[in-house]
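Notes for the one structure printed next.
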Amino acid sequence: MTNVVLCGGRGTRLWPISRALFPKQFYKFTNDNMSLFQKTVLRNKNFCDNFLIVTNSEQYFIALDQLEEIGIKNYRFVLEPVPRNTAAAISLACFDVKAGELLFVTPSDHLIKGEEGYMKMIKFAQKEAKDDYIVTFGIRPASAETGYGYIEADITGADTNTNSGAGSDLDASSGSGFSAGVQSCLPGNLIRSVSYRVASFKEKPDKETACSYISSGRYFWNSGMFMFKSGALLSELNAIYPTIYKSSKMAYENAKKDSMVVRVQLKDMMNIEENSIDFTLLEKTSRLKMIPAAIIWSDLGSFDSLYNEFEKDEHNNTIVEHSLNININSKNNMIISSGRLIATVDINDLIIVDTDDALLISKKGSSQDVKKVVEELKKRNSELHAQHLTAYRPWGTYKILLESSMYKIKKITVKPKAKLSLQKHFHRSEHWIVTSGTALVTVGDKKILLRSNESTYIPMGTLHRLENPGLIPLVLIEAQVGEYLKEDDIVRIDDEYDRMK
């Protein structure tokens, strides 16, 4: 079985922590210093033989670095130049494996607990998927959440597992006693494994509608996880929604492929209709079954749901590693800082998130609307929705230290043996000062070796390249001077990371 990890989301409701170029699945929220993406892969490594990571080109090297951090080697990537929703992502993944391969599709940004229930859920789903069913997983709701999609189950026609052995018992407790956004299915009150036919899928409802879903007893939160044979899903998609099947097939066939990466071309990706797998296929197929998931689950889709996951002090203020807070007569607050001291006095029920370049203050209960801030930033043509002051690149990182309309100061860190593209700029010149490590610099037709406290100058329009020939990271300060200093003023002539565009 292959774990298809959907890894292209932007996490706009967790801005300013989550940005388009460094979204929430890569952020290390918890004190174990692992991202949600890493937790997803580690959770599934005992069930899956391989990993197929579907993400966009900008996030490829972040995902690659994080896989290497946790020692995972059996992976392959499908890179989308632009996102086109889950129907395209899942279809492309299906074309990359054999028709009989079982695929377990999971988001990369959910928090899941309950190892025993998770294992049984997967084993039961495998039995259904091997019979050519498309399996989805529903979470019994603990509260009337408006930030989740819902699955309406046909509870009159449950199919009960009659096979003995692992997976024959799953818990279906109601989740009472647990905070909003989290489903509890811990051991106790066990029933036989069961799957339901699906009556309908519902988008995120308003509060009144969500309450009616809960009271009916027929609705489950949509976990966004699926299991099926690759060929079974493609066959159903071709029969029900052939336009996406055909355009995805063409995009895959035209993609540039090697042993590790499938790079879909922009034109082909844009020809795929942007739509969800729920709408295009799952709402229409007769081959769908839903299994109630015996797990503790949260999609961490808002700061309100994230608040539940942190340790609290005696006044229910969050205790977050690396956040320096002083709370005077303040209660029930979530405070995350990037290292700057945050002091509160007589403040209750707030969300305060402080990063190097943005500060968010919200009432608890309103954090679903943070995405509106991101929409406003886009309208203002601000880069704050897209990236942090620290940006991640395949060769290392850079951090903006100081910026104005006519100059920008960066700290650049280059990995050992890595190199930037051979490039030039039309609107700026650059000064490089090495602070540690060794730099091999190409300027025009000359190559220069620079060591600590040595510098060079790159005139506007001159071809240049920066390399780290050493065994330790290269760190330098870059001073840009010019009338236009954005990152799109880069003309690449040669690039090791296939970013020639």
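The values are calculated or read from the model by the stated rules, or taken from the named source; none is laboratory data. All figures in this text were calculated on a predicted structure; none of them were measured in a lab. When we count neighbours, we look across all protein chains shown, and the Cβ atoms used for this are built from the backbone with ideal geometry, even at glycine.
Observations on the model:
- Only one entry in 255, 232, 239 is small (Gly, Ala, Ser), surrounded by fewer than 16 Cβ atoms within 10 Å (Cβ to Cβ), in the same structural domain as residue 126 (by TED's automatic domain parsing) and modelled with pLDDT of 95 or more, namely 239.
- Subset of segment 258-280 (residues that are more than 15 Å from residue 8 (Cα to Cα) and among the small types (Gly, Ala, Ser)): 259
- Failed item, numbered, when residue 112 is tested on (1) over 18 Å from residue 195 (Cβ atoms); (2) not in a strand (DSSP E or B): (2)
- Residue selected from segment 212-235 under the condition part of a strand (DSSP E or B) and within 16 Å of residue 100 (Cα to Cα), by the criterion farthest from the chain's Cα centre (by Cα): 229
- Among the residues of segment 358-366, none qualifies, meaning not one is under 17 Å from residue 10 (Cβ atoms), out of contact with any Pro (no Cβ under 6 Å at 6 or more places or on another chain) and surrounded by fewer than 19 Cβ atoms within 10 Å (Cβ to Cβ).
- Pairs linking a residue in segment 403-432 that is in the same structural domain as residue 65 (by TED's automatic domain parsing) to a residue that is modelled with pLDDT under 95 and not basic (Lys, Arg), with Cβ atoms under 6 Å and 6 or more positions apart or on different chains, do not occur.
- All of (1) at pLDDT 90 or above; (2) more than 22 Å from residue 358 (Cα to Cα) hold for residue 33 with one exception: (1).
- Every condition in (1) in contact (Cβ under 8 Å) with a residue 24 or more places away in the chain; (2) surrounded by fewer than 22 Cβ atoms within 10 Å (Cβ to Cβ) holds for residue 226 except the one numbered (2).
- Single residue of segment 214-223 satisfying the filter (surrounded by fewer than 22 Cβ atoms within 10 Å (Cβ to Cβ) and among the hydroxyl-bearing types (Ser, Thr, Tyr)) that is farthest from residue 290 (Cα to Cα): 215
- Top-ranked residue in segment 94-120 [being basic (Lys, Arg) and under 17 Å from residue 140 (Cβ atoms); ranked as surrounded by the fewest Cβ atoms within 10 Å (Cβ to Cβ)]: 113
The rows are residues; the columns are (1) over 30 Å from residue 198 (Cβ atoms); (2) outside the structural domain of residue 232 (by TED's automatic domain parsing); (3) among the polar types (S, T, N, Q); (4) touching a residue at least 24 places away in the same chain (Cβ under 8 Å).
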| residue | (1), (2), (3), (4) |
| --- | --- |
| 280 | no, no, yes, yes |
| 283 | no, no, no, yes |
| 297 | no, no, no, yes |
| 325 | yes, yes, yes, no |
| 331 | yes, yes, no, no |
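- Failed item, numbered, when residue 301 is tested on (1) in contact with a strand residue (DSSP E or B) (Cβ under 8 Å, 6 or more places away or on another chain); (2) buried (at least 18 other Cβ atoms within 10 Å of the Cβ): (1)
- Of residues in segment 128-158 being crowded, with 17+ Cβ neighbours inside 10 Å and among the charged types (D, E, K, R), the one nearest to the chain's Cα centre (by Cα): 145
- Number of positions in segment 258-279 that are buried (at least 17 other Cβ atoms within 10 Å of the Cβ), out of contact with any strand residue (DSSP E or B) (no Cβ under 9 Å at 6 or more places or on another chain) and of a type in the set (A, V, I, L, M): 1
- Unmet criterion (only one of (1) within 24 Å of residue 20 (Cα to Cα); (2) surrounded by fewer than 18 Cβ atoms within 10 Å (Cβ to Cβ)) for residue 355: (2)
Matching residues to (1) without any contact (Cβ under 8 Å) to a residue 12 or more places away in the chain; (2) touching a strand residue (DSSP E or B) at 6+ places or on another chain (Cβ under 8 Å); (3) of a type in the set (Ser, Thr, Tyr); (4) not in a strand (DSSP E or B):
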residue	(1), (2), (3), (4)
353	no, yes, no, no
362	no, yes, yes, no
365	no, no, no, yes
372	yes, no, no, yes
381	yes, no, no, yes
387	no, yes, no, yes
391	no, yes, no, no
399	no, yes, no, no
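- Of all residues in segment 268-312 being assigned to a helix (DSSP H, G or I) and not hydrophobic (A, V, I, L, M, F, W, C), the one that is nearest to residue 107 (Cα to Cα): 278
- Within segment 399-415, tally of residues that are buried (at least 16 other Cβ atoms within 10 Å of the Cβ) and in contact with a Lys or Arg (Cβ under 7 Å, 6 or more places away or on another chain): 3
- With respect to the conditions (1) buried (at least 24 other Cβ atoms within 10 Å of the Cβ); (2) touching a Leu at 6+ places or on another chain (Cβ under 8 Å); (3) within 29 Å of residue 247 (Cα to Cα); (4) at pLDDT below 95, residue 84 lacks only one, and its number is (2).
- Within segment 236-256, being in a helix (DSSP H, G or I), over 26 Å from the mean Cα position of the chain (by Cα) and hydroxyl-bearing (Ser, Thr, Tyr) holds for one residue alone: 243.
- Residues of segment 316-369 that turn out to be polar (S, T, N, Q) and more than 23 Å from residue 27 (Cα to Cα), as a count: 7
- Answer residue from segment 448-476, given it is touching a His at 6+ places or on another chain (Cβ under 8 Å) and surrounded by fewer than 18 Cβ atoms within 10 Å (Cβ to Cβ) and is farthest from residue 383 (Cα to Cα) among those: 455
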